[in-house]
Amino acid sequence: MNYVLITALGVGGATVIGALIGFIFKSMSHKFSDIVLSFAAGVMLSAAVLGLILPSIEYGGKFGIVVTVSGIFVGAYCLNIIDKLVPHLHKLAGSETEKHNNKSLGKVLLFVMAIAIHNFPEGIAAGVGFGSGNTSQAFLIAGGIALQNIPEGMVIIVPMLSSGVSPKRTLMIAMLTGLVEIVGTFIGYFAVSISSAILPFALAFAGGTMLYVVSDEMIPETHAHGSERGATYALLTGFCLMLISDYLLG
């Protein structure tokens, strides 16, 4: 339980650390933010595959592959439904924004909702990882999520400041989004602790949500400003960094 608490604080605190760094680089270019976010996408992609999806197949037994594939699609679909129903600002390719049921909400709340939708399943994934009993693998997942939360925290600062949000309030919002991830971590942990039978599905579900975020939000955003080549290599770098970490820990 102590490990889970440390992990929850780590993944949640990483967003705040990234936000603090973001205050230093207030005028970061699109190219820089795309490279940083692509690296984070590679880390997240690797953590999803190595730490969640492959273990799901392993723990699923005879029907492991069926459970895993089902979990991936259910996880992605659930996030897709939340993405449509919860009011938020969803960044599209380029500088445009897509609005969902947000007429009566202010920009600050919309930013918070968008970030929370992204962070909550990551927290669940970090918590679910401990259900396997493989502490090193769980820390790999959590480390990958925390590592990608830092650049993510960096890139959310500029839009909020540009929208007229004060620096103090911006930092409070970053802390709130980190808290959402902490809550998600405990939910994921307790869900698989109650019944180990749901572990294979829970791992795949968490992996599916992470794959959805990478494909639906992170990659389109990083390929929208003319830095596609650099973004692609940054993604590969992040993926391989996690691959090496998994090999060394294994």
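The values are calculated or read from the model by the stated rules, or taken from the named source; none is laboratory data. Just so you know, these numbers come straight off a predicted model, no measurement behind them. Note: ideal-geometry Cβ built from the backbone for every residue, glycine included; neighbour counts use all protein chains shown. Protein only, heavy atoms only, side chains kept; ligands, DNA and RNA dropped before computing areas. Shrake-Rupley method; radii C 1.70, N 1.55, O 1.52, S 1.80 Å.
Things to note:
- The one condition in (1) within 22 Å of THR7 (Cβ to Cβ); (2) modelled with pLDDT under 85 that ALA206 fails to fulfil: (2)
- Of all residues in the range 1-57 being part of a helix (DSSP H, G or I) and either among the aromatic types (Phe, Trp, Tyr) or in contact with a strand residue (DSSP E or B) (Cβ under 7 Å, 6 or more places away or on another chain) (or both), the one that is nearest to LEU241 (Cα to Cα): PHE39
- Subset of the range 62-76 (residues that are touching a Gly at 6+ places or on another chain (Cβ under 8 Å) and open to solvent by 20 Å² or more (accessible area, probe 1.4 Å)): VAL66, VAL67, ILE72, PHE73, VAL74, ALA76
- Tally, over the range 195-218, of residues that are open to solvent by 60 Å² or more (accessible area, probe 1.4 Å) and under 19 Å from PRO121 (Cα atoms): 3
For every residue, the table says whether it meets (1) of a type outside the set (Phe, Trp, Tyr); (2) surrounded by fewer than 17 Cβ atoms within 10 Å (Cβ to Cβ).
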residue	(1), (2)
VAL4	yes, no
LEU9	yes, yes
GLY18	yes, no
GLY22	yes, no
ILE35	yes, no
SER38	yes, no
SER46	yes, no
TYR59	no, no
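- Residue list for the range 28-55, restricted to those being of a type in the set (Gly, Ala, Ser) and without any contact (Cβ under 8 Å) to a residue 12 or more places away in the chain: SER29
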